[in-house]
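Data block below; observations after.
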Amino acid sequence: QVQLVESGGGLVQPGGSLRLSCAASVSIFSINRMGWYRQAPGKQRELVAAIGSGGRTNYADSVKGRFTISRDNAKNTVYLQMNSLKPEDTAVYYCKAETSWGSAWGQGTQVTVSS
């Protein structure tokens, strides 16, 4: 079972930046895909960005050009760099790992964009 620990959330003003981290308990080479999802109050959880084992990425239209997902294989960590943040980016952000034997979620980290 993969354990995921997220960090990096917080309160930021509109237009600001945050970087989220997701550390995996296993080598990320054994993980087929890692993604960041978010869930705002009263809304469904949605995919924000994902990165495959080969480095291929995909993004939600709402964050393209503002968010960047990346991975550090040596640290078994995936990052989400979030720039030009907007109030509508406010949500709990979750990391997800998809492996051949199942998937796992992190505990979530709160991101609040407000002046």
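So if each residue of separation counts as 0.36 nm, and I subtract the Cα-Cα distance between Ser30 and Trp105, what length gain in nm does that give?
Working: separation 75, 0.36 × 75 = 27.00 nm, distance 1.56 nm.
Here the answer is 25.4 nm.
Mind ranking 17-28, 99-110 by how tightly packed they are, going by the mean number of other C-beta atoms within 10 angstrom, highest first?
17-28, 99-110
Counting only protein heavy atoms and a 1.4 Å probe, tell me what percentage of the range 13-115's accessible area is made up of carbon and sulfur. Please report the intermediate quantities before stating the final value.
Values: 2380 of 5230 Å².
Whole-percent figure for carbon plus sulfur exposure: 46.
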*Could you provide, to the nearest whole Å², the per residue accessible area of the chain with probe 1.4 Å?*
51 Å²
*Would you tally the net charge around Tyr93, using a Cβ to Cβ cut-off of less than 12 Å, leaving Tyr93 out, and scoring K and R as +1, D and E as -1?*
+1
*Local charge sum around Thr57 (other residues, Cβ-Cβ under 15 Å, Lys/Arg +1, Asp/Glu -1)?*
+3
*Residues whose placed amide H lies under 5 Å from that of Phe67, excluding near-sequence neighbours*: Asn83
_Whole-angstrom gap from the range 61-110 to the range 1-19, using each part's C-alpha centre_ = 8 Å
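Taking 8 Å as the Cα distance limit and 6 or more residues as the minimum spacing, I'd like the relative contact order of the chain as a percentage. Mind dumping the intermediate values first?
Numbers: 284 pairs, mean separation 43.3, N = 115.
For the chain, the relative contact order is 38 percent.
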*Pair Thr112, Lys75: separation of 7 Å Cα→Cβ label points (nm)*: 2.6 nm
*asked:* As a test of reading the structure, rank Glu98, Glu6, Glu88 by solvent-accessible area (1.4 Å probe, protein chains only), most first.
replied: Glu88, Glu98, Glu6
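The values are calculated or read from the model by the stated rules, or taken from the named source; none is laboratory data. Please read all numbers here as calculations on a predicted model, not as lab measurements. Virtual Cβ from ideal backbone geometry, glycine too; neighbours counted across all protein chains shown. For the accessible areas, the whole protein counts, side chains as well, though only heavy atoms, and no ligand, DNA or RNA atoms are used. Shrake-Rupley method; radii C 1.70, N 1.55, O 1.52, S 1.80 Å.
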